[in-house]
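**Q** Provided herewith is a single structure, encoded as structure tokens, for subsequent inquiry.
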Ligand code: LM2
Ligand code: CA
């Protein structure tokens, strides 16, 4: 439940926020599989309330039928099969803390199911008033008002979202049935939304009801689904991320800020690998990490300044590179669409996926995962995965030039205002390698030559477009 069941040589979860199942299936085949990304976090696949023009309608469930603007059940199953076939796992954003907002009143969801938030009827699940938490919420208005009170945070309504009661086994069984349906389809894990708003001991029981991943879909026997719990703990509240590590990985939000703040002093990140607790971080195994997510890139979910998003196009690739190369956490890469305001829903037209050499997906889809410097980062991470998970050949200049190896990969970065030039130990066998930070393997035009002692001449100029150099044993293209 802590390490996802990734295909050998693959790493990195790409959040294809608001993509359709059909587009994701194509992206797996055309780009993500060949570039060895490991998984896709998909938008919530279950039926939701309709709220015109907003992305966040996806966070307001109406039923557990797979029917949303991303596609229906048949499309979803097709996507999972096609992605799994090319070594890319599907991770589902599971909205299990609540159903839709009380302000929805009554109506019909994206799949045609009815709802009524006064009587708390969701007949397609079915849920009714006995499945909800109001009886144990002590707040005056039934909402979460005080984040200093764990009872309120877990039993009351988050921004008015009708709150499910996981202490009741018949309610938990229905949620587990939804998640098991997805597991049986071949989904490899879950990003658990609003985990902070659920009692750890109750969610642990719920996760205990989940099936192993299906051997019939190619997973090894006895493999548990990966669990990545969304617990926004930036300090200052009684609910702690540590309460959730016993049953799966947990988001490490403060790492977003460290990555952002240390853009000009990357050498300091060495100690994140050495001793994450010095930073107040969870362990390598427990942490679920990212440079930015769909909430904090648009000022939702607590927000926060100083994070690196697609709006810092020079910085995002090397910060993502550093995150992927360091032995710390299960890594997620945000793939966004352009927006003017923080509520705006996705573009009308789907992204273009056909041309694997393209570094953008057009139609206002930013497609960070295809950018130069990021597009081969799954391949790097996959080669770097190792047991025990640690680095070697660390070198830094005390500022923001860093080089190290891990597994069968080697990584170097320079975000200083001066050049990084000279001989560096890569830990690789002698040979000529494709520099995957600069070029794709199948059309390579930038190389790194490693001599018999593992040394390479590195040349990363200050401010160059992608100020990184990285490669892997499998990218050896000839002799030195
Ligand atoms: C999350 N993680 O724990 C998600 O990452 C975050 O995106 C979700 O909030 C949240 N938990 C609940 O799933 C988003 C969005 C909110 C939005 C909710 C529900 O950030 O703004 O709230 O989804 O769609 C919206 C309105 C709010 C309204 C509420 C209920 O913004 O004003 O409250 O719907 O109708 C009356
Ligand atoms: Ca709750």
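The values are calculated or read from the model by the stated rules, or taken from the named source; none is laboratory data. The shown structure was predicted, so the numbers you read here are calculated from the model rather than taken from an experiment. When we count neighbours, we look across all protein chains shown, and the Cβ atoms used for this are built from the backbone with ideal geometry, even at glycine.
**Q** Before we move on, is residue 318 under 23 Å from residue 411 (Cα atoms) and either more than 16 Å from the chain's Cα centre (by Cα) or surrounded by 15 or more Cβ atoms within 10 Å (Cβ to Cβ) (or both)?
**A** Criteria met by residue 318.
**Q** Considering only segment 138-164, how many residues are within 21 Å of residue 234 (Cβ to Cβ), touching a helix residue (DSSP H, G or I) at 6+ places or on another chain (Cβ under 7 Å) and assigned to a helix (DSSP H, G or I)?
**A** Count: 2.
**Q** Give me the pairs: first residue in segment 68-87 and at positive phi, second residue part of a strand (DSSP E or B) and surrounded by 24 or more Cβ atoms within 10 Å (Cβ to Cβ), beta-carbon distance under 9 Å, and six or more apart or on different chains, which are they?
**A** Pairs that qualify, where the first residue is at positive phi and the partner is part of a strand (DSSP E or B) and surrounded by 24 or more Cβ atoms within 10 Å (Cβ to Cβ), are 87/37; 87/38.
**Q** Can you tell me which of (1) surrounded by 21 or more Cβ atoms within 10 Å (Cβ to Cβ); (2) free of Cβ contacts under 8 Å to residues at least 12 places away in the same chain is the one residue 428 doesn't meet?
**A** Failed condition: (2).
**Q** Additional query: Yes or no: segment 387-396 includes at least one residue that is over 30 Å from the mean Cα position of the chain (by Cα), assigned to a strand (DSSP E or B) and in contact (Cβ under 8 Å) with a residue 40 or more places away in the chain.
**A** no
**Q** Among the residues in segment 141-162, are any away from ligand 1 (no atom under 16 Å from the Cβ) and in contact with a strand residue (DSSP E or B) (Cβ under 7 Å, 6 or more places away or on another chain)?
**A** no
**Q** Considering each of 118, 11 in turn, give the residue that is farther than 23 Å from residue 354 by Cβ and more than 17 Å from the chain's Cα centre (by Cα).
**A** 118
**Q** If I filter segment 179-189 for residues that are without any contact (Cβ under 8 Å) to a residue 12 or more places away in the chain and surrounded by fewer than 15 Cβ atoms within 10 Å (Cβ to Cβ), do I get at least one hit?
**A** Within segment 179-189, not a single residue is without any contact (Cβ under 8 Å) to a residue 12 or more places away in the chain and surrounded by fewer than 15 Cβ atoms within 10 Å (Cβ to Cβ).
**Q** Do the conditions hold for residue 295, that is, is it closer than 16 Å to residue 15 by Cβ and modelled with pLDDT of 95 or more?
**A** yes
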